[in-house]
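Participant: Below: one structure in structure tokens.
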Amino acid sequence: MKHAWSFFVPVALLLALAPNAKADTFYPMLMGIDPVAVQVGRTSQCRIHSRYTMHDAVQVVVSGRGVKAELVPHKLDPKSKKKPNIPWLDVKFTVAPDAPLGVREVRVLTPRGLSTVGQLVVVRQPVVAEKGNNNTLAQAQQVTLPAAICGRLERGEDVDMFRFHAKAGQQLVFHVRCQRLQDKVHDLQQHADPILTLRTAKGQTLATSDNVLLADPVLAYTFRQEGDYVLELRDVRYQGRGYWYYVIEVWQGPFAFTTYPPAVQQGAKASLQLVGPHAPEEPLAWNVPQELAPGVHQVQLPQGQGTTNPLPLYVSSRPVQLEAGQPNEAPEQAQQISVPGGISGRMNQPGDVDYFRFQAKKGQAFRFEVFARRLQSALDPHIRILNADGKRQLALNDDFRHYGVLIGDSLIDRWVAPADGTYLLEVRDVHLRGGPEFVYHVDVAPAEPYFVLSMDTAKTILAPGTCAPLFVRAERRNGFQGEVELEVEGVPPGIKTHIGRILADRIDGVIFFEAPKDAKVQLARIRVFGKAKVKGADGKEHLLRVEAVPRQETYMPGGGRGHWPVEEHYLSVTSPQMDIQAVELNTYDVKLRPGESKRIEVTIKRAKDFKKNVTLAVVFFHLSSRYGDVLPRGVTLDGGKSKTLLKATEDKGWITLKAAPSAKPVQGVLVPVMAHVSINFVMKSTYAARPLRLTILPAEKK
């Protein structure tokens, strides 16, 4: 579907450059939490920083279990008549003793809507916050270990130094979280690239670490003699930003990146060897809970009287086969594997290449997915399908996109055997590296038609008296071409839903939430599902139900709009004093025949004193990219016959929908008529009318 650049680009630039393009009421965008870590079994006070005010914050929500948040009231001037601009908020986090360790998502609810995602780390060690100027050896801050050292690289050439005492023979692991805490931050266009250095008390370099877990360092060291030492953290480019927060978790003894094997069977008994610094040789025994659904999970394995650090593990619904002890480094040595199934292996040394043999019949379709980088393995996998003697390449893959994010793992989503016979699966590191930490798991299964779903946002903000759309996108794979029905769970009482569908020839669908005029400020976690009938490898039809993954909008360098997968999606109802209090249409039922067009009148109700630009749309655009387009194929917005920019005090516009002569009949598609108020170049506050029901009738017979 084509849209004229002459309409969309000038409007976007006008909204970005005009001085009055920002709204009066908009949600906070969280930038960081200081300190960024809290200890289990304690109550800690942290400060949440935000772009845009958090005045009158109502609630703070934390993902997962075991962490509660309590707002600390601001002290305001009772005589001031101005709306307070409060870009920070003090919060008390109470962490249960058995709360899982690791990263949590934090959100703040205000009367203007729910914030973007911030991140908080739950740690085992006592939290020590950076204090004062610690840029030199003489100024190094004294800390007692074990500890979780929290700070930030707040300016250019910032170097943070911490002095500690270690005993002879002591084994410590310094695990940095910094860059990985920044992917979900909406408006942090440049990320830190930290490097960690261990020095003697006089400054001599003992060890350094860079780019172990993505861009974050992990440094393990065994101290030869007792004494004072200095830990130094800086950006590798000597850059700094006000929101580059970090935590250095100092672990005594073993620290695990992953396990071997890195996969376990759901509900089975597993024997796992920890992979990481100072890891013991003895494997750990673990009964895999039956309730752990297939997929990647963060787990803490039982170890001695406690547990390991949190680490990722792949749970499979099928038995996990292990790479055999005998060599399989050449095609003629290939190890036999069964299909469907899963094989866990390891590149034991540099140059190692693993081969596996499987049988296939002509026309059989297979799917090969490698789990390595997602399991914190050092392996950057590369896979190929070869003929029986390994001399002919039939398929290959290096990296693929996972919910819009390019990851280092490999996927051959559909490979069809050209003839009956034996074939080889080749697994290697793309740079032919190897070692104990280069583990992997390959899931091998029939390539059946399926789909995955994602939500365009991590939150839906709903103003009383209006509707709010939530766009859901389907990625169809392995020949699935059907329609997807949408479902939603968790909608609070009093909120109506209007649920659309994803047409068979489109990728987007929409769900509308409608709030009455007297709706109160509230928050609810919602889950979205899609279901469709698909044919399995046996040719039989069955119902497939898939949960949609929420994604946080991110402001990309240069003004692009990106996404990052998050754990939860929330629906928040705002106060009635929002910029737009109603969006109304002159008709909510439109029928078009091929070649016809129809004009729909749109009226917005502005809040008192709200005199900013508003744009009308039926497709969610940013620059030239569509992020929500549910119009049936062949139906477009006729920009030349529409008034979509409402300036200053204007409250009436119109849109004209046009059906091409080739448009096919379709019944009752729910179409959003949206009113956007720009917050910044990327983010918008979106209000909508009740859904427009669009039907394309058959062409009239001549």
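Participant: How big is the shadow of the Cα convex hull of the stretch 266-340, averaged over all directions, in nm²?
Facilitator: Working: hull surface 26.7 nm².
The Cα convex hull of the stretch 266-340, projected and averaged over all directions, gives 6.7 nm².
Participant: Separate question: In what sequence do HIS165, HIS431 fall when counting other Cβ within 10 Å, fewest first?
Facilitator: HIS431, HIS165
Participant: Can you tell me how the stretch 29-123 classifies by the Cα gyration tensor, rounded, prolate or oblate, using a/c under 1.5 as the rounded cut?
Facilitator: Prolate.
Participant: Continuing with this model, one more query. Amide H neighbours of VAL320 under 5 Å, at least 5 residues apart or on other chains, H built in the peptide plane: list them.
Facilitator: Correct list: GLN265.
Participant: Roughly speaking, what is the stretch gain from THR307 to THR603, that is 0.36 nm per residue apart minus the C-alpha to C-alpha distance, in nm to one decimal?
Facilitator: Gain in length upon complete extension: 100.6 nm.
Participant: ASP389 to LYS269: extension gain in nm, 0.36 nm per residue of separation minus the Cα-Cα distance?
Facilitator: My answer for the length gained is 39.5 nm.
Participant: Sticking with this structure for a sec: Do you know the relative contact order of the stretch 29-123, to the nearest whole percent, from alpha carbon pairs under 8 angstrom that are 6+ apart?
Facilitator: Numbers: 226 pairs, mean separation 38.2, N = 95.
That works out to 40 percent.
Participant: Counting only residues 5 or more places away or on other chains, whose amide H sits under 5 Å from the amide H of TRP244 once H atoms are built in the peptide plane?
Facilitator: LEU153
Participant: Same structure again: At what distance in nm do the modelled label points of LYS167 and ALA504 sit from each other, each positioned 7 Å from its Cα along Cα→Cβ?
Facilitator: 7.2
Participant: Select from the stretch 180-273 those trypsin sites (Lys or Arg not before Pro) which occupy a DSSP coil region and have at most 14 other Cβ atoms within 10 Å, ordered by residue number.
Facilitator: LYS202, ARG224, ARG237
Participant: Moving to a separate point now. Using the charge dipole of the stretch 320-443 (Lys, Arg: +1 at Cβ; Asp, Glu: -1 at Cβ; taken about the Cα centre), state which of PHE366, PHE438, LEU425 has its Cα farthest towards the positive end.
Facilitator: PHE366
Participant: Continuing with this model, one more query. Averaged across orientations, what area in nm² does the convex hull of the alpha carbons in the stretch 452-696 project?
Facilitator: 14.2
Participant: Related question: With charges set only on the Cβ (+1 for Lys and Arg, -1 for Asp and Glu), what does the dipole of the stretch 520-652 come to about its Cα centre, in debye to the nearest 20? Walk me through the numbers before you get to the answer.
Facilitator: Numbers: 25 positive and 16 negative charges, 48 e Å.
Taking the Cα centre of the stretch 520-652 as origin, the dipole is about 220 debye.
Participant: In the stretch 320-443, if the dipole is taken from +1 on Lys/Arg beta carbons and -1 on Asp/Glu beta carbons about the Cα centre, which of GLY325, LEU375, GLY390 is farthest to the positive end?
Facilitator: Sorting the options by dipole projection puts first GLY390.
Participant: Under 13 Å from the Cβ of GLY628, count the other residues' Cβ atoms, weight Lys and Arg +1, Asp and Glu -1, and hand me the total.
Facilitator: +2
Participant: Which of the aspartates and glutamates could be linked to LYS362 by a straight reach, that is with a Cα gap under 17 Å, when you skip same-chain ones fewer than 8 residues away?
Facilitator: ASP420, GLU448, ASP538
Participant: Can you give the FRET efficiency for SER80 and THR144, using 1/(1 + (r/R0)^6), R0 = 51 Å, r = Cβ-Cβ distance, to the nearest 0.05?
Facilitator: Efficiency, rounded to the nearest 0.05: 0.70.
Participant: Right, next: Tell me whether the chain comes out rounded, prolate or oblate; compute the Cα gyration tensor, take square roots of the eigenvalues as a ≥ b ≥ c, and use a/c under 1.5 as the rounded threshold.
Facilitator: Oblate shape, in that a/c is at least 1.5 and b/c is the bigger or equal ratio.
Participant: Please work out the FRET efficiency for the pair LEU432 and ASP98, using the Cβ-Cβ distance as r and a Förster radius of 35 Å; give the result to the nearest 0.05. Intermediate values should be presented prior to the final figure.
Facilitator: Details: r = 43 Å, r/R0 = 1.24.
The computed FRET efficiency comes out at 0.20.
Participant: May I ask you to evaluate 6.51 cos²θ - 1.76 cosθ + 1.60, the Karplus curve with θ = phi - 60°, for each residue of the stretch 334-347 and list the ³J(HN,Hα) values in order in whole Hz, giving x for glycine and proline?
Facilitator: Those phi angles translate into 4, 7, 6, 10, 9, 10, x, x, x, 10, 10, x, 7, 7 Hz.
Participant: Another question about this same structure. Using the structure shown, select from LYS184/LYS517; LYS591/LYS664; LYS82/LYS517; LYS184/LYS459 the pairs with a Cα to Cα distance greater than 24 angstrom.
Facilitator: Checking Cα-Cα distances, LYS184/LYS517; LYS82/LYS517 exceed 24 Å.
Participant: What is the chain's relative contact order, in percent, from Cα pairs under 8 angstrom and six or more apart in sequence?
Facilitator: 11
Participant: Follow-up. Let's see if you can work this out: charge +1 on each Lys and Arg Cβ, -1 on each Asp and Glu Cβ, no other charges. What is the dipole magnitude of the chain about its Cα centre, in debye to the nearest 20?
Facilitator: On the way: 87 positive and 71 negative charges, 574 e Å.
The dipole magnitude comes to about 2760 debye.
Participant: Taking a virtual spin label 7 Å from the Cα of ARG545 along the C-beta vector, which residues in the stretch 484-508 bring their backbone nitrogen under 15 Å of it?
Facilitator: Inside the label zone: 485-490.
Participant: As an exercise, use a Förster radius of 35 Å and the Cβ-Cβ distance of ASP638 and LYS496 to find the FRET efficiency, rounded to the nearest 0.05.
Facilitator: Efficiency computed from Cβ-Cβ geometry: 0.70.
Participant: Using each residue's phi in the stretch 54-59, evaluate 6.51 cos²θ - 1.76 cosθ + 1.60 at θ = phi - 60° and report the 3J(HN,Hα) Karplus result to the nearest Hz, with x for Gly and Pro.
Facilitator: Listing the rounded values in order: 10, 4, 6, 3, 9, 7 Hz.
Participant: Between the alpha-carbon centers of the stretch 426-504 and the stretch 188-252, tell me the distance in whole angstrom.
Facilitator: Here the answer is 37 Å between Cα centres.
Participant: Give, in nm to one decimal, the length gained when the segment between THR422 and GLU329 is fully stretched (0.36 nm per residue of separation minus the Cα-Cα distance).
Facilitator: Once the chain is fully extended between THR422 and GLU329, it gains 31.8 nm.
Participant: Starting from the stretch 137-179, pick out the trypsin sites (Lys or Arg not before Pro) whose DSSP state is loop and whose Cβ has at most 16 other Cβ atoms within 10 Å.
Facilitator: ARG155, LYS167
Participant: Using a ≥ b ≥ c from the Cα gyration tensor of the stretch 320-443 (square roots of the eigenvalues), is it rounded, prolate or oblate, where a/c under 1.5 gives rounded and otherwise the larger of a/b and b/c decides, a/b for prolate?
Facilitator: oblate
Participant: If you don't mind, another one. For the chain, what does -39500 (n - 2.57) per DSSP helix run (n ≥ 4), summed and divided by total residues, give at 222 nm, in deg cm²/dmol to the nearest 500?
Facilitator: The per-residue figure over the chain is -500 deg cm²/dmol.
Participant: Exposed loop sites here are GluC sites (Glu not before Pro) in DSSP loop states with at most 13 other C-beta atoms within 10 Å. What is the longest stretch of the chain lacking them?
Facilitator: 292-699
Read-outs throughout are calculated quantities, based only on the coordinates presented, and are distinct from any laboratory measurement. Given the structure is predicted, the values throughout are model-derived calculations rather than measurements. We place every Cβ from the backbone using ideal geometry, glycine too, and count neighbours over all the protein chains shown.
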